[in-house]
Amino acid sequence: MSTSLTPDQEALLERAVASGRFASREDAVAEALAMLDERLAKHARLKRDIEIGLESGPGEAGSFTEVARRARARFEAQQASGKGPPSAQAAE
């Protein structure tokens, strides 16, 4: 595949190679595409998490301290019943 770059993009590639960070323009482009792939995956996870949050219903009102206290109480209740998250149980 072939693509055209703007003069600014060309200059960026040249600086990246000249700095010694990359052996070639192809290496720089390959890393840029890998970073883009990671960013798109992170965006997809964030979008999914937001959708899950929105579908879970209205949030709880209260100060941060109060919300944290209730979350801690729920967590401790789950731990006491043995129904907590596996990673939390393993930490005990």
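The values are calculated or read from the model by the stated rules, or taken from the named source; none is laboratory data. A quick note: this is a predicted structure, and the numbers were derived from the prediction, not measured. Note that we place each Cβ from the backbone using ideal geometry, even for glycine, and neighbour counts take in every protein chain shown. Side chains are part of the model used for accessible areas, which takes the heavy atoms of the whole protein and leaves out ligands, DNA and RNA. Shrake-Rupley method; radii C 1.70, N 1.55, O 1.52, S 1.80 Å.
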Å² of accessible area per residue within the chain, as computed with a 1.4 Å probe and no ligands counted: 86
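Loop only per DSSP, at most 15 neighbouring Cβ atoms within 10 Å: give me the GluC sites (Glu not before Pro) in segment 1-71, ordered by residue number.
Here the GluC sites (Glu not before Pro) that fit, given the DSSP loop and packing criteria, are 60.
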Computed magnitude of the charge dipole of segment 1-73 (debye, nearest 20; Cβ of K, R +1, Cβ of D, E -1): 420
Carbon + sulfur, % of accessible area of segment 1-85 - ligands and nucleic acids excluded, 1.4 Å: 59
Largest-first principal axis extents, alpha carbons of the chain, Å: 59, 32, 27
